[in-house]
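Since every read-out is calculated from the coordinates, none of them should be taken as a lab result. These numbers come from a predicted model, not from an experiment. Cβ placement follows ideal geometry from the backbone for every residue including glycine, while neighbour counts extend to all protein chains displayed.
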Amino acid sequence: MSVGFGFLISNLIFPPKCVNCGELLDVELTERVIDPFCPKCRLHFEHAKNDECERCGLEMKFCRCMPQAMNKVQCTALLKLMGYKNRDNSMPLRRFVYSLKRTSIKMRNAFIAEQMRGLLIPEMRAYGLLPEDCVITYLPRSRKNKALFGLDQSLILARSLSKITGIKCLPCFKRRLFTTEQKNLNKYERILNMRSAYELLELGDEIRDKTVILVDDVVTTGASMAACARLAYAGGAYAVMGICLAKTEKSEK
Ligand SMILES: [Zn+2]
Ligand SMILES: [Zn+2]
């Protein structure tokens, strides 16, 4: 197999490490690394995908359950790669899930997008949807956090997913300035806060009669997704579905 000199250099300078536990990956120096996990963490990830949803009993990759907030605004589904219990600090993939908010690692982003594609394509097929019937968009991060971490993880995932599915990626929402930090609020305050947190950009007919796919990294109450879904419907969307890396349960305050 012909190998890239680029991979050799890059693997020498940045020895590929597991995105979850940080262990050095056992790869050939000239090999392009496509799995961001060490074998142990990859196994954790595969187990997480096969975990059964407490509500519907289906494996996470088949579960379409949505938080109530999303149900209320008529989203069609929330696709998720894994469930995640916030209270459980021993959760083996914690670092993998939360590192998305802080760092942009190409190999990890590409991997998650590929995994999301595996969820999305069968769902589109089930509804007879072609790439041109859909628009991928994302839930923009608050300006404060975007400035703090220098990245918008949902935008990064949305772009990667768009690239490998051929579905157009289109920014649809803008964050308003006055919202308070979601994490300091309870479930009901979150929904109210989020309802006024986003506004729809000038889109013309770009999402009219399209299925809008909302990409986010972690979904907790679904308040943000619900708020954006409401706007997307107001902009003429035919259907709205969410897709995320992890659906978490947050302890009630
Ligand atoms: Zn690992
Ligand atoms: Zn379920």
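As I understand it, the value is the acute angle between the Cα axis of helix 39-50 and the longest principal axis of the Cα atoms of the chain; what does it come to in degrees, rounded to 10? So the inclination is approximately 30 degrees. So what is the relative contact order for region 58-201, in percent, with contacts set as C-alpha pairs under 8 Å and at least six apart? Computed over region 58-201, the figure is 21 percent.
Qualifying trypsin sites (Lys or Arg not before Pro) in region 125-205, where qualification requires a DSSP coil assignment and no more than 12 other C-beta atoms within 10 Å, comprise 176. Cross-link partners for residue 247 among the lysines, with Cα-Cα distance under 18 Å and sequence neighbours closer than 8 places in the same chain left out: 49, 61, 72, 80, 85, 101, 183, 187. Could you tell me the calculated FRET efficiency between residue 35 and residue 58, based on Cβ-Cβ distance and R0 = 25 angstrom, to the nearest 0.05? The computed FRET efficiency comes out at 0.45. Taking 0.36 nm per residue of sequence separation and removing the Cα-Cα distance, the residue 174/residue 196 pair yields an extension gain of 6.8 nm. Using bins of 10 Å that start at zero, the share of Cα-Cα pairs per bin across the chain amounts to 7, 30, 36, 20, 7, 0, in whole %. For a straight C-alpha distance cut-off of 20 angstrom, the aspartates and glutamates reachable from residue 163 (same-chain residues fewer than eight places away being disregarded) are 35, 114, 123, 132, 133, 152, 206, 216, 217. Its residue count N fixes a reference of 2.2 N^0.38 Å for region 120-252, and the Cα radius of gyration divided by that reference is 1.03.
The label point for residue 23 and the one for residue 68, both projected 7 Å from the Cα toward the Cβ, are 4.2 nm apart. If you take the Cα centroid of region 130-160 and the Cα centroid of region 3-48, the two points sit 25 Å apart. Nearest 5 percent is fine: what portion of the DSSP beta bridges confined to the chain is antiparallel? DSSP beta bridges in the chain are roughly 20 percent antiparallel. For the chain, the mean residue ellipticity at 222 nm estimated from helices alone is -11000 deg cm²/dmol, where every DSSP H run of n ≥ 4 contributes -39500 (n - 2.57) and the total is divided by all residues, rounded to the nearest 500.
Under a 5 Å amide H cut-off, with hydrogens placed 1.01 Å from N, residue 136 pairs with 168, 169, 170, 213 among residues at least 5 apart or on other chains.
On the beta carbon distance between residue 184 and residue 209, with R0 = 45 Å, the FRET formula returns roughly 0.70.
Working from label points 7 Å from Cα in the Cα-to-Cβ sense, the residue 146 to residue 110 distance is 2.6 nm. With contacts taken as Cα pairs under 8 Å at a separation of at least 6 residues, the chain carries a relative contact order of 22 percent. Ordering 116, 162, 228 by Cα displacement along the dipole of the chain toward the positive end leaves 228 in first place; charges were set at the Cβ atoms of Lys, Arg (+1) and Asp, Glu (-1). What is the list of residues in region 148-174 whose amide nitrogen lies under 15 Å from a point 7 angstrom out from the Cα of residue 133, following Cα to Cβ? Answer for this model: 167-168.
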